[in-house]
Amino acid sequence: MEDKKTNLALSADVTSSSKLLELADTVGPHICVLKTHIDIIEDFQESLVQQLTTLAEKHNFLIFEDRKFADIGNTVKHQYSAGVYHICDWAHLVNAHTLPGPGVVKGLREVGLTKDRGCLLIAEMSSEGNLAVGDYTDATVKLAAEYPDFILGFICQSKLTDNPAVIHMTPGVKLEEGVDNLGQQYLTPRRVIKDRGSDIIIVGRGITQAANPPEAARKYQEAGYAAYQACIQ
């Protein structure tokens, strides 16, 4: 983040390998994290993750597979390490719901620690009417504190802990606030970083559907990092 002066994560919710690789390469210089949904890629082949890894090294960003694991420990172990995607082999970060209890973290951790991977817990969500609130959020924060060697932070809407080692990543960010027709609620980079205390903004359609995605990414990069600098001055 400091080296590239960016706290921008791109949510690359696209369905073709070529589009994902194009975004990773052209937007890569402006981001610190590339968030993928590998299971919506319609033409997936193993070579895709190899190419993504090469681009991550080229542009110095982390790959975050937005898998949202939410099952018992033994099942998530296999989902993470095996199957079609072998997520643990290439994704630096994954995330998980805490609804199943600590077993979901234990299962992922058992696999992830062997490859120096990390996990984010979903403590809050940006969709209208979601149930990740109150006691659920509090329990998620408590669970994260029990596994600091694997849980790196939260997907959330605001800062949840004063621990400086914990990363807060917030989705639902656009340059103008609003709501889409499916209940996704959007906040501005400044609102998320300066007012709510998050660390990283996650931006999707504001970049991927822009006429010029790299230019749009540059604007979000500048807005997000300016908000961060305002917090530390």
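Report yes if some residue within segment 10-27 is out of contact with any strand residue (DSSP E or B) (no Cβ under 9 Å at 6 or more places or on another chain), closer than 30 Å to Cys231 by Cα, surrounded by fewer than 22 Cβ atoms within 10 Å (Cβ to Cβ) and touching a residue at least 40 places away in the same chain (Cβ under 8 Å); otherwise report no. Scanning segment 10-27 turns up at least one residue that is out of contact with any strand residue (DSSP E or B) (no Cβ under 9 Å at 6 or more places or on another chain), closer than 30 Å to Cys231 by Cα, surrounded by fewer than 22 Cβ atoms within 10 Å (Cβ to Cβ) and touching a residue at least 40 places away in the same chain (Cβ under 8 Å). Being of a type in the set (Phe, Trp, Tyr) and over 30 Å from Gly134 (Cβ atoms) is true of Tyr85.
Figure legend. Inter-residue proximity from segment 71-92: first residues within 12 Å of Gly112 (Cβ to Cβ), second residues among the hydroxyl-bearing types (Ser, Thr, Tyr), beta-carbon distance below 7 Å, spacing 6+ or different chains. Indicated pairs: Ile87/Tyr80; Cys88/Tyr80; Cys88/Ser81.
Only residues in segment 212-233 that are without any contact (Cβ under 8 Å) to a residue 12 or more places away in the chain count as the first member; pair them with residues that are open to solvent by less than 70 Å² (accessible area, probe 1.4 Å) and of a type outside the set (Phe, Trp, Tyr), Cβ under 6 angstrom, at least 6 apart or cross-chain, and list the lot. Hits for this filter: Ala216/Ile207; Ala216/Ala210. Among the residues making up segment 176-207, those that are out of contact with any Gly (no Cβ under 7 Å at 6 or more places or on another chain), in a loop (DSSP other than H, G, I, E, B) and more than 19 Å from Leu23 (Cβ to Cβ) are Glu176, Glu177, Asp180, Asn181, Leu182, Thr188, Arg196, Gly197, Ser198, Asp199. Put simply, of Val14, Val49, Val27 the only residue that is of a type in the set (A, V, I, L, M, F, W, C) and part of a loop (DSSP other than H, G, I, E, B) is Val14. Taking the condition open to solvent by less than 40 Å² (accessible area, probe 1.4 Å) and assigned to a loop (DSSP other than H, G, I, E, B), does Ala210 pass? In short, yes.
The values are calculated or read from the model by the stated rules, or taken from the named source; none is laboratory data. Computed from a predicted structure; not experimentally measured. Reconstructed Cβ throughout: ideal geometry from the backbone, glycine too, with neighbour counts over all protein chains shown. Only protein heavy atoms, including side chains, enter the accessible area calculation; ligands, DNA and RNA are left aside. Shrake-Rupley method; radii C 1.70, N 1.55, O 1.52, S 1.80 Å.
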